[in-house]
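I am attaching a structure below and will ask some questions about it afterwards.
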Amino acid sequence: MIESVAIIGAGASGAITAAALQAERYFKRIRVFERRETAGGTWIYDEGVSPAHLVRPGALPADSDPRLEIPSSLPCVSPPTKQNRYHETPIYELLTTNVPDIAMAYSDIPFPYGPFVPHHIPRQYIENYFSAHRIDSLLQLNTTVEDVSKVVAQSPEKADGWNLTLRQHDPTQNLDIWWEESFDAVILANGHYSIPYIPQVKGLDEYLEQFPGRVVHSKTYRKPEVWTNKKVVVVGNSASGIDVSRELIQAAQQPIYQSRRSKGRWDGDSPPAGMVWKPIITEFLSSGRILFSDGSYLDEVDAVIYCTGYKPSFPFWNEKRNGRLIFDYQENKLINTYWHTFFQDFPTLGIVGMPRVLTFRGMEYQATALARLFSNRLSTPLPSLAEQKNWEKERLERCRREHLKFHDVPWGGGQTTAWFQKLFDFAGLGTLAGDGRIPPVLDERTKWAIKHIQKYKPANQDSEANNNDQILYHLFEQRDRQLEGPIQ
Ligand SMILES: Cc1cc2nc3c(=O)[nH]c(=O)nc-3n(C[C@H](O)[C@H](O)[C@H](O)COP(=O)(O)OP(=O)(O)OC[C@H]3O[C@@H](n4cnc5c(N)ncnc54)[C@H](O)[C@@H]3O)c2cc1C
Ligand SMILES: NC(=O)c1ccc[n+]([C@@H]2O[C@H](COP(=O)([O-])OP(=O)(O)OC[C@H]3O[C@@H](n4cnc5c(N)ncnc54)[C@H](OP(=O)(O)O)[C@@H]3O)[C@@H](O)[C@H]2O)c1
C-alpha cells in the first residue's frame, strides 16, 4: 500500500501530478520538492544568466551536471554549494507560447486568454493551479532533491520505497541545510530543458578559448538588442532557432545566418527577408573563420548562437543503489519505461512530462494514470513485464526505422491520441464517492484548434488563411465561454 508520494519539481508536470494525487483522497503524505523560489518551472523568467559557463561542446549531463557530494552524516548544514545547478530557465523576453491555449491548459481551468500568450501567463497559471486546488501547502520550495535511492522492502508483500536527500539553501544564514525523507513512491517531474547541448565541432574548443563569449547557447538568449549591428550565426532550426533568428532581424547586422541541419516544418523554399541559410558548421579556424559543409565560409563573425536544444539530466539518480542508469544518452531515451510514464522494474516510480507532445494535456493523462496506479485503483491493470518490455523494444525499432525520437509523440498520424487513449484507459473513472480525477475528453474544438491555430505559418499557407483561423477561433472561444459561464 502506497501512503506517501514525493514529486520532484513544481513546473507544469509537478502541478498536475500533485492535483491528481490529491484528488485520489487516498495518500497520507504528498510532498512537492522544488529547487526554485516558486512554482512555474520553465515559465519562470530569469533576467540575468551568465552565458559563458554554459558552453561545453559535446558535453553530456554526466559531465556538465554531476551529482553533488552528499555530506556523510545527515541532517546537517554546510557552506552553500558553488556548483552550477543550471536552475535558470531559457525563457526570453518576447517569448510567447506556441500551442493554442485550449490545448496547453489542463482541462479544468482555462488560460485567461489565447491562443498564444506571453510567457508570464503559463507561469501565473501554474502557480495559481496549486492554490486553486489547495495543494499549495504540499510545496517545499527552495529545496533541491540531491539523491533518490531505492529502499529495499522489508517483506516480500511490500514494494520497495525511496529515500530522498534534500538540500535547502538558506540565504539569510548563507548555508545549505541537508536532511532526508522517505516515501513509498516517487514521481519525477523535473523537466528536461535545463542542460543546454552544443555539438562537438572541429576547432570549437580552441575557438572558445581564443574568442571568449563569442559562442553562446539559446538558453541565455534574452533580447535581440544585445546583438545590435553584430554579424550573427544562429545554429539550429527548431523553435528556438526560428524564434531567435527572426527576432535578430530587427537588431543585428543583416543578413542573419541560420545554420540548418534539416529543413523545418515551417520552411519555405527560401529564407525570410534579412536571413541567409547555411548548412551545418564543419570547422572553426583559429583565424576566426567558420567553415560550412558546402565549402562556404564566413569571416569576422561577432557571435554564434547555438539553438541546438537540451539534454535531460537526473543528477539525483543514485545508479549504484538503484542498480542501473536511468537515461540512455546514446538512444536519447529513458531506460525500461512503459508508455513514457511507468517503469518496468520500479513499480513505485513514475515520470511525467518527458514526451514532446501536447504538453500540459499530455501531463494530465500521465498524472491521472500514475495517481490511479499508486492508489491501487487502475481501471485496467498494467500488462505483464514481458508485454511492457515488448512495447519498449517495438517503439525503439520503429524510432530507428522511421528516424523518430523515442519520446517524441507527434500529433500527426494519430500517435498522440493513441498515447492519450492508453493512459485514459488505464486511469478510467474514479470512485462512486468522487475520489480521483477523471481523465479529460479530447473534444473536437481542441482537435480543431491544434490543427488550424498555428503560431508559425507553414510555407504553403498564406497569412490571410492563418489570420482567419485565429479570428474564427476567438469567436468559438467567446461563444463557448459565454455558454459555460464563470469558472466555479
Ligand atoms: C524556451 C521554451 C519554450 C517553450 N514553449 C512551450 C510552449 O509554448 N508550449 C508548450 O506547451 N511547451 C513549451 N515548452 C515546453 C515546456 O518545457 C513545457 O510546456 C512545460 O512547462 C514543462 O514542464 P515540466 O514541469 O515537465 O518541466 P519544467 O517546467 O522544467 O519544471 C521542472 C521543475 O523541476 C525543478 N527541478 C528540477 N530538478 C530538481 C531537483 N533535483 N529538485 C527539485 N526541483 C527540481 C525545476 O526547477 C523546475 O521548476 C517550452 C520549453 C522551452 C525550453
Ligand atoms: N514557445 C515557443 O515559441 C518556443 C520557443 C523556443 C523553444 N520552444 C520549445 O523549447 C523546446 C526546445 O526547443 P529548441 O528549439 O531549443 O531545441 P530542439 O527542438 O531540440 O531543436 C534543436 C535544433 O538543433 C539542431 N541540432 C541538434 N544537434 C545538432 C547538431 N549536432 N548539428 C546541427 N544542428 C543540430 C536540431 O536539428 P535537427 O532538426 O536536424 O535535429 C534542431 O533544429 C521545444 O519543446 C520547443 O517547442 C518553444
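Can you quote the Å³ per residue value for the convex hull of the Cα atoms in segment 160-295, rounded to an integer? Write down the numbers at each step before the final one.
Values: hull volume 27.1 nm³, N = 136.
In segment 160-295, the Cα hull volume divided by residue count equals 199 Å³.
Could you pull out the pairs from 28/455; 333/455; 278/447; 202/455; 230/405; 82/393 whose alpha carbons sit more than 32 Å apart here? Walk me through the intermediate numbers first.
Working: 28/455 43 Å; 333/455 28 Å; 278/447 36 Å; 202/455 36 Å; 230/405 35 Å; 82/393 41 Å.
From the list (28/455; 333/455; 278/447; 202/455; 230/405; 82/393), the Cα-Cα distance tops 32 Å for 28/455; 278/447; 202/455; 230/405; 82/393.
Okay, next question. How large is ³J(HN,Hα) for each residue in segment 24-33, as worked out from phi by the Karplus curve 6.51 cos²θ - 1.76 cosθ + 1.60 (θ = phi - 60°), to whole Hz, x for Gly and Pro?
My calculation for segment 24-33 gives 5, 6, 10, 8, 7, 9, 10, 10, 10, 9 Hz in order.
What number comes out for the charge environment of residue 419, summing +1 per Lys or Arg and -1 per Asp or Glu over other residues with Cβ under 13 Å away? All intermediate terms of the calculation are to be shown ahead of the outcome.
On the way: positive: 356, 361, 395, 422; negative: 364, 408, 425.
Within the 13 Å Cβ shell, the charges total +1.
Now for a separate question. Determine the percent antiparallel among the DSSP beta bridges restricted to segment 195-294, to the nearest 5. Don't skip to the answer; put the middle values down first.
On the way: 3 of 11 bridges.
Taking every DSSP beta bridge with both residues in segment 195-294, the antiparallel ones total about 25 percent.
Binning at 10 Å from 0, report for segment 1-140 what percent of all alpha-carbon pair distances ends up in each bin.
10, 31, 33, 21, 5, 0
Arranged from highest to lowest average of other beta-carbon atoms within 10 Å per residue, in what order do the peptides 365-375, 181-191 appear? Could you put the intermediate results ahead of the total?
Working: 365-375: 27.5, 181-191: 23.5.
Descending mean neighbour count gives 365-375, 181-191.
Output wanted: per-residue J couplings in Hz (rounded whole) for segment 332-347, from phi through Karplus 6.51 cos²θ - 1.76 cosθ + 1.60, θ = phi - 60°, x for Gly and Pro.
6, 8, 5, 9, 6, 9, 10, 6, 6, 9, 9, 10, 4, 9, 10, x
Taking the chain as the reference, fit the longest principal axis to its C-alpha atoms, fit the long axis of helix 239-248 to the helix C-alpha atoms, and give the angle between the two in degrees, 0 to 90, nearest 10.
Taking Cα atoms only, the helix is inclined about 40 degrees.
With N denoting the number of residues in segment 228-315, provide Rg(C-alpha) divided by 2.2 N^0.38 Å, to two decimal places. Don't jump to the answer; show the numbers that get you there.
Values: Rg = 13.3 Å, N = 88, 2.2 N^0.38 = 12.1 Å.
Normalised Rg, Cα atoms only: 1.10.
With a Cα-only, solvent-free Debye model of segment 366-410, what are the log10 I(q)/I(0) values at q = 0.17, 0.24, 0.32 Å⁻¹?
Summing over Cα pairs of segment 366-410 leads to -0.65, -0.88, -1.00.
Same structure, new question: For residue 22, what charge total do you get from the other residues with a beta carbon under 15 Å from its beta carbon, if Lys and Arg give +1 and Asp and Glu give -1? Mind showing how you got there, number by number?
Numbers: positive: 25, 28, 29, 31, 134, 372, 377, 437; negative: 3, 24, 108, 136, 364, 435.
Value of the local net charge: +2.
Estimate the FRET efficiency between residue 277 and residue 403 by the formula 1/(1 + (r/R0)^6), using the beta-carbon distance for r and 25 Å for R0, to the nearest 0.05. It would help to have the intermediate numbers written out before the result.
Working: r = 21 Å, r/R0 = 0.86.
So the FRET efficiency works out to roughly 0.70.
Right, another one. Work out from phi, with θ = phi - 60° and the Karplus expression 6.51 cos²θ - 1.76 cosθ + 1.60, the ³J(HN,Hα) of each residue of segment 373-379, listed in order in whole Hz, and give x for Gly and Pro.
Listing the rounded values in order: 4, 6, 8, 6, 10, 4, 6 Hz.
Would you mind checking which residues have amide H under 5 Å from residue 117's amide H? H placed 1.01 Å from N; only 5 or more apart, or other chain.
97
Could you tell me how many degrees, from 0 to 90 and to the nearest 10, lie between the Cα long axis of helix 463-484 and the main elongation axis, the longest principal axis, of the Cα atoms of the chain?
The angle comes out near 20 degrees.
Note down the net charge around residue 379, summing +1 for each Lys or Arg and -1 for each Asp or Glu among other residues with Cβ under 15 Å from its Cβ.
+1
Same structure, new question: Which distance in Å, rounded to a whole number, links the C-alpha centroids of segment 346-364 and segment 236-288?
Centre-to-centre (Cα) distance: 32 Å.
Would you mind checking the radius of gyration and Dmax of the chain based on alpha-carbon positions, in Å?
Cα only, the chain: 23.3, 73 Å (Rg, Dmax).
As a check on your grasp of the helix formula, calculate [θ] at 222 nm for the chain: sum -39500 (n - 2.57) over DSSP H runs of n ≥ 4, divide by the residue count, round to the nearest 500. Don't skip to the answer; put the middle values down first.
Details: 12 runs with 132 residues, N = 488.
Per the formula, -8000 deg cm²/dmol.
Next question, about the same structure. List every residue whose amide H lies under 5 Å from the amide H of residue 309, counting only residues 5 or more places away in sequence or on a different chain, with H placed 1.01 Å from N in the peptide plane.
197
Something else: In degrees, nearest 10, range 0 to 90: what is the angle between the Cα axis of helix 385-402 and the longest Cα principal axis of the chain?
Orientation of helix 385-402: about 10 degrees from the principal axis.
Expected output is a single nm value to one decimal: the length gained when fully extending between residue 265 and residue 287, i.e. 0.36 nm times separation in residues minus the C-alpha distance. What is it? Let's see the in-between values first.
Numbers: separation 22, 0.36 × 22 = 7.92 nm, distance 3.53 nm.
Length gained between residue 265 and residue 287: 4.4 nm.
Between residue 181 and residue 153, what length in nm is gained on full extension when 0.36 nm per residue of separation is reduced by their alpha carbon distance? Kindly include the intermediate steps, with their values, before the conclusion.
Details: separation 28, 0.36 × 28 = 10.08 nm, distance 1.59 nm.
In short, 8.5 nm is gained.
Every number in this text was worked out from the coordinates using simple rules, so none of it is lab data. All of these numbers come straight from a predicted model, not from anything done at the bench. In this analysis, Cβ positions are derived from the backbone assuming ideal geometry, glycine residues included, and neighbour counts consider all displayed protein chains.
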